[in-house]
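The structure under discussion appears below in the form of structure tokens.
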Amino acid sequence: MPLPRILDVATLAAGYRSGAFTPLEVIEEVIARVDAGLDPAVWISVFPDEALRAAARALGPTPDPTRPLWGIPCAVKDNIDVFGLPTTAACPAFAYEPVADAEVVARLKAAGALVVGKTNLDQFATGLNGTRSPHGAPRSVFDEAYVSGGSSSGSAVAVGSGLVAFALGTDTAGSGRVPAAFNNLVGVKPTKGIVPSTGLVPACRSLDCITVFAATTADATLVRRAMQGHDPRDPYSRRFAPRALPLTGFRFGVLAGAERAFYGDAEVEALYDAAIARLATLGGTPVAIDYAPFRASAELLYGGPWVAERLAAIEDFYATRAADMDTTVATIVGGAKRFSAVDAFNGAYALEALRQKTDAEWAKVDLLLLPTAPTIYTVEAMRADPIALNANLGRYTNFVNLLDCAAVAVPAGFRADGLPAGVTLIGPAFTDDALAVLGDRLHRALGTGPGLDRDATLPGAPLEP
């Protein structure tokens, strides 16, 4: 049984159960694909071939039904600790050797996953575009002239090009969702705290989420469930308390009027409208919302005192080694110095005032359906105007962690030039399971295959409630 072009958990698990291939045979194919990879900017470090083979052999000859990720190759964003590989956050001067796996990595290994290596990112997870790394800029798998999305750039490209079956990213402003859109993948951003961040180099510690890129929502949900669970070492860890959403007869909020901003990209707007229409056929009723308070909340993330939290994460390093940082990242982090403690409190007050207004919009709907990104840019354009264009990419993502929401990003189709677009289902905290079901239904209804294999039938069975 040949391996599919785009690897996925369901197909690999079925192949193992049937005896069509073994983990060692799969890892040999992964090694070959990594060696032949067309985008040299995907990886920062990879385990030696013999170490990967040894890890595959150590799983044994027979699938273990108690280990749901048995033999599944994966990648980890290089701001998450993996024992045996350096953690660099895409800044060589910052690099250190972790003494243990991050908690999520330990849980994935316990579930049987095979970690292949560490992926590239916008340095210190600061950016939504993927161009801010000394290791190069990973490109959209569909056109090397275009950005891959960031900051989890390498993770998305690794999955979208078929190197691994899933990859971990992180998300503070949208970094687990925008790269999914630009590489035709699912991106699951859990509710804050349900997936522990122990062993993560923080961007904004109070907002960060570890995320999953995968071919399907079912795969990403399986991985998220393997990682989630309270960790007392993480001060922001929370126990998962599932919150239901109606799976039929639901109301979903959509953009209207002047808040529909696509920066001239009429094709992405049309794909958004098509997704609205399709979700309506799946039992939902679209409801126009006032997006303005959500947008104002989003603007606080980089325009308000939360940028100071990025400095808090690397304060000692920045004080002595700022010259070793990416220029744009250093400028953003250095901007924290203009904020005082009074500004921080005023920002918190402003967010709570906006929350009252967004709560009024939530009263009208059960969930939101928004564009994941309003358009896509070339690498050249992004480098020419890195702050403004990056902000445009976060227009519909930046508020999600500030307002304590869960999100599932799914592919929405392609522009005429072959570049992908995505939409995101967003719900209140702890609606992760219900959003996953609706996201899977929408993804399958829109009929887009995973990653580069856009014309393939979506693998695996539909995700059940």
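The values are calculated or read from the model by the stated rules, or taken from the named source; none is laboratory data. What you see is a predicted model, and the numbers here were worked out from it, not measured in a lab. Because the Cβ atoms are built from the backbone with ideal geometry, glycine has one as well, and the counts that use them run over all protein chains shown. The accessibility values were calculated without ligands, DNA or RNA, using every heavy atom of the protein model including side chains. Shrake-Rupley method; radii C 1.70, N 1.55, O 1.52, S 1.80 Å.
At 1.4 Å probe radius, can you tell me the per residue accessible area of the chain in Å²? Present the calculation step by step, with values, prior to reporting the outcome.
Details: 16170 Å² over 465 residues.
Here the per-residue accessible area is 35 Å².
Under a straight-distance cross-link criterion of Cα-Cα below 17 Å, which aspartates and glutamates are reachable from residue 337, leaving out those fewer than 8 residues away in the same chain?
309, 315, 316
Restricting to DSSP H runs of at least four residues, report the calculated mean residue ellipticity at 222 nm for the chain, -39500 (n - 2.57) per run over all residues, nearest 500 deg cm²/dmol.
Numbers: 17 runs with 170 residues, N = 465.
Mean residue ellipticity, 222 nm, calculated: -10500 deg cm²/dmol.
Report the one residue of 302, 255, 283 whose Cα lies farthest in the direction of the positive end of the charge dipole of the chain (charges on C-beta: Lys and Arg +1, Asp and Glu -1; origin at the Cα centre).
Positive-end residue among those listed: 283.
Roughly how many debye, to the nearest 20, is the charge dipole of the stretch 70-229 about its Cα centre, given +1 on each Lys and Arg Cβ, -1 on each Asp and Glu Cβ, and no other charges? Let's see the in-between values first.
On the way: 12 positive and 11 negative charges, 65 e Å.
With only Lys, Arg, Asp and Glu charged at Cβ, the dipole is about 320 debye.
How many nm separate the modelled label positions at residue 356 and residue 461, each set 7 Å beyond the Cα in the direction of the Cβ?
Reported label-point gap for residue 356 and residue 461 is 4.9 nm.
Rounded to two decimals, what is the ratio between the C-alpha radius of gyration of the chain and 2.2 N^0.38 Å?
Details: Rg = 20.4 Å, N = 465, 2.2 N^0.38 = 22.7 Å.
The chain yields a ratio of 0.90.
Could you work out how far apart the two model spin labels at residue 270 and residue 385 are, taking each label as a point 7 Å from the Cα in the direction of the beta carbon, and quote it in nm?
2.4
Relative to the Cα centre, what is the charge dipole magnitude of the chain, using +1 at the beta carbon of each Lys and Arg, -1 at the beta carbon of each Asp and Glu, and rounding to the nearest 20 debye? Mind showing how you got there, number by number?
Working: 39 positive and 49 negative charges, 160 e Å.
Here the chain has a charge dipole of around 760 debye.
Heavy atoms only, probe 1.4 angstrom, no DNA, RNA or ligands counted: give me 88, 331 ranked by accessible area, highest first. Walk me through the numbers before you get to the answer.
Values: 88 10, 331 90 Å².
Heavy-atom accessible area, descending, gives 331, 88.
Subtract the Cα-Cα distance of residue 96 and residue 295 from 0.36 nm times their separation in residues, and report this length gain in nm to one decimal.
Details: separation 199, 0.36 × 199 = 71.64 nm, distance 3.73 nm.
Stretched fully, the residue 96-residue 295 segment lengthens by 67.9 nm.
Write down Rg/Rh for the stretch 411-465, rounded to two decimals, with Rg from the C-alpha atoms and Rh from the Kirkwood relation over Cα pairs. Mind dumping the intermediate values first?
On the way: Rg = 12.4 Å, Rh = 12.3 Å.
Rg/Rh for the stretch 411-465 comes to 1.01.
Name the lysines eligible as straight-distance cross-link partners of residue 364: C-alpha to C-alpha under 25 Å, and not fewer than 8 places from it in the same chain.
Within the straight-line limit of under 25 Å, residue 364 reaches these lysines: 189, 192.
Starting from the Cα coordinates of the stretch 348-465, work out the convex hull volume and express it per residue in Å³. Walk me through the intermediate numbers first.
On the way: hull volume 14.9 nm³, N = 118.
So the per-residue Cα hull volume is 126 Å³.
Count the DSSP beta bridges whose two residues both fall in the chain, then state the antiparallel fraction as a percent rounded to the nearest 5.
Numbers: 32 of 47 bridges.
Of all bridge pairs located within the chain, approximately 70 percent are antiparallel.
Looking at the stretch 16-104, I'd like the Rg to Rh ratio, where Rg is from alpha-carbon atoms and Rh is Kirkwood's inverse mean 1/r.
Values: Rg = 14.7 Å, Rh = 14.7 Å.
Across the stretch 16-104, the Cα-based Rg/Rh ratio is 1.00.
About the Cα centre of the stretch 1-113, how large is the charge dipole given +1 on each Lys and Arg Cβ and -1 on each Asp and Glu Cβ? Please answer in debye to the nearest 20. Mind showing how you got there, number by number?
Values: 9 positive and 14 negative charges, 72 e Å.
In total the dipole reaches around 340 debye.
For all pairs of alpha-carbon atoms in the stretch 298-416, what percent lies in each bin of width 10 Å, listed from the first bin to the last filled one?
Reading upward from the zero bin: 11, 33, 35, 19, 3, 0.
Ratio of the stretch 230-369's C-alpha Rg to 2.2 N^0.38 Å, to two decimals?
Numbers: Rg = 19.8 Å, N = 140, 2.2 N^0.38 = 14.4 Å.
Against the empirical 2.2 N^0.38 Å value, I get 1.38 for the stretch 230-369.
Would you list the P(r) distribution for the stretch 287-363, with all Cα-Cα distances sorted into 10 Å bins from 0 and each bin expressed as a whole %?
All Cα pairs, binned at 10 Å, distribute as 18, 39, 25, 14, 4, 0 percent.
Quick one: pull the percent of accessible area on the stretch 170-315 belonging to carbon and sulfur, 1.4 Å probe, ligands and nucleic acids left out. Provide the component values of the computation, followed by the final result.
Details: 2620 of 4790 Å².
Ligands and nucleic acids excluded, carbon and sulfur reach 55 percent.
Across 10 Å bins from 0, what is the distribution of all Cα-Cα pair distances for the stretch 116-247, in whole percents?
For the stretch 116-247, the binned pair fractions read 15, 44, 32, 9, 1 percent.
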